[in-house]
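Peer 1: Have a look at the structure that comes next, please.
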Amino acid sequence: MSDSLERLYLAVLAARDLDPATSRTARLYQRGAAKMAKKLAEEAIEVAIDAVNGDSDAVVRESADLLYNLTVLWAACDIRPADVWREMERREHLLGIAEKLPKSPVKLPKAPPLAERRPIVAIEGRNIRKRR
């Protein structure tokens with residue numbers, strides 16, 4: 001797969017300076033990173049919707065669009081597919097191939113609202129005398 005993405009990446013680089021009237025890649029480059037990111041997000045949503053609907057053929061088609069748009073954005077950010085594969089390998093060594101790095105080292109549970117907290121009572125010594 002990395003060879004296929006590398007070929008796609010090289011094709012994107014070759015097409016970025018073509019005529020925007022005839023090249024989708026050149027048109028995306030002309031419109032800038034914000035448009036590229038928007039197209040990437042749209043394709044990701046389409047993949048998700050097709051997956052939820054159980055349409056495997058559509059997931060394949062939309063995934064190809066997603067990979068194309070991701071590759072265009074990589075190229076615009078001067079990121080090569082090999083850069084991403086190196087990160088995947090680094091993560092594999094840390095967590096295993098299927099794991100995503102956590103956003104923070106430790107995820108602590110949220111404290112309950114003040115109204116739901118039990119009061120903390122401190123007792124000094126064993127003998128408690130009632131004050132008069």
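Bear in mind that the values in this text are calculations on the coordinates, not laboratory data. Worth saying up front: this structure is predicted, and the values here are computed from it rather than measured. Positions of Cβ are backbone-derived with ideal geometry, glycine not excepted, and every protein chain shown enters the neighbour counts.
Peer 1: Please order Asp78, Asp17 by the number of other Cβ within 10 Å, starting at the fewest.
Peer 2: Asp78, Asp17
Peer 1: Further question on the same structure: Diagonalise the Cα gyration tensor of the range 2-95 and give the resulting equivalent ellipsoid semi-axes, square root of 5 times each eigenvalue, largest first, whole Å.
Peer 2: Equivalent ellipsoid of the range 2-95: 22, 20, 12 Å, largest first.
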